[in-house]
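Notes follow the structure.
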Amino acid sequence: MATILTAHQPSYLPWLGFFHKLAISDVYVSLDNVQFEKNSYVNRNKVKIPNGVVWLTVPVMTKGHFSKTISDLKIDNSTKWRIKHWKTLQLYQKAAYFENYRDFFEEIYEQNWELLVDLNEHVTRFFLKELGIDVKFLKSSELNLQERKSELIIEMCEKLNANMFVFGVLGKDYVNTVDFESRGIKAYFQEYNHPTYPQIWGDFVSHLSVVDLLFNVGPEKAYEVIMRENIEKDELTKMLRQEQA
């Protein structure tokens, strides 16, 4: 049986392409035991407000982060980041489906989160449910993996009996596909065609957090928007089976 695996660092309020990767995979591994990188999407993402695009950033304790993994990263709750994020999202209150999510976000920003990874997992699981994406959710910290870089991905595939691994498009720059094929693993590189959809406040802006999509079009249409003009899981599975035949 063909099994498609993908992995990604846990992200805060992820963008549409993240959810497309998960939608075309059978298993998703959250890479929570790798090193945190500043200015990544692990603790921040973009939303749209009347004046343009802004970053929502969760402040973290970065002292000694070079020796820490993402799973160890603590949120800096000395700032009022939760109040700021919730006030920013409330600017969407005139969006057609904002009220669908008011209770969820109120609850999120009322909680005093200690670890970033817990916050990210909680919101990601919620979005997966809203989008109707059925993917097995695992954490790399629970898999007892020993390798690094490309060998880590191969080890992960072998441990989880995966025949294909879905990389982002930038994977083409560093992945040696021969290494994967020699181990019976197909490397697939996602080239995400970003869709347009109705937004409030001016011209369309792409590459925002999925909250912008959900607030504007609602849960029933959001999945269709994410998958529009992009490969579906059935197509990827068929491609893999044909190669194995």
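The values are calculated or read from the model by the stated rules, or taken from the named source; none is laboratory data. What you see is a predicted model, and the numbers here were worked out from it, not measured in a lab. Every residue, glycine as well, gets a Cβ built from its backbone with ideal geometry; the counts of neighbours run over all protein chains shown.
Some notes on this structure:
- Of the residues making up the stretch 179-214, those that are aromatic (Phe, Trp, Tyr) and out of contact with any Leu (no Cβ under 8 Å at 6 or more places or on another chain) are 180, 189, 201, 204.
- Selection within the stretch 153-177 - more than 21 Å from residue 237 (Cβ to Cβ) and modelled with pLDDT of 85 or more: 155
- When the stretch 39-67 is filtered for residues that are touching a Ser or Thr at 6+ places or on another chain (Cβ under 7 Å) and among the basic types (Lys, Arg), the ones remaining, listed by number, are 44, 46.
- Pick from the stretch 47-57, criterion surrounded by 14 or more Cβ atoms within 10 Å (Cβ to Cβ) and farther than 20 Å from residue 118 by Cα, ranking: nearest to the chain's Cα centre (by Cα): 47
Yes/no matrix, rows are residues, columns are (1) over 20 Å from the mean Cα position of the chain (by Cα); (2) surrounded by 18 or more Cβ atoms within 10 Å (Cβ to Cβ); (3) more than 27 Å from residue 43 (Cβ to Cβ):
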| residue | (1), (2), (3) |
| --- | --- |
| 153 | no, yes, no |
| 157 | no, yes, yes |
| 181 | yes, no, yes |
| 203 | yes, no, yes |
| 206 | no, no, no |
| 212 | no, yes, no |
| 226 | no, yes, no |
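- Counted residues, the stretch 29-45 - those being surrounded by fewer than 22 Cβ atoms within 10 Å (Cβ to Cβ) and outside any loop (DSSP other than H, G, I, E, B): 2
- Residue list for the stretch 178-192, filter: among the polar types (S, T, N, Q) and modelled with pLDDT under 90: 182
- Identity of the residue in the stretch 1-24, small (Gly, Ala, Ser) and part of a loop (DSSP other than H, G, I, E, B), that ends up modelled with the highest pLDDT: 11
- Any chance residue 165 is in contact with a Ser or Thr (Cβ under 9 Å, 6 or more places away or on another chain), surrounded by fewer than 16 Cβ atoms within 10 Å (Cβ to Cβ), closer than 15 Å to residue 21 by Cα and touching a residue at least 40 places away in the same chain (Cβ under 8 Å): no
- Look at the stretch 172-199: where a residue is under 14 Å from residue 150 (Cα atoms) and a partner is modelled with pLDDT of 85 or more and assigned to a loop (DSSP other than H, G, I, E, B), sitting 6+ places away or on another chain with Cβ atoms under 8 Å, you get 185/162; 185/163; 186/163.
- Once the stretch 58-95 is narrowed to residues that are of a type in the set (A, V, I, L, M) and farther than 15 Å from residue 118 by Cβ, the residue that is surrounded by the most Cβ atoms within 10 Å (Cβ to Cβ) is 89.
- In the stretch 127-141 there is at least one residue that is aromatic (Phe, Trp, Tyr) and either at pLDDT 95 or above or on the phi > 0 side of the Ramachandran plot (or both).
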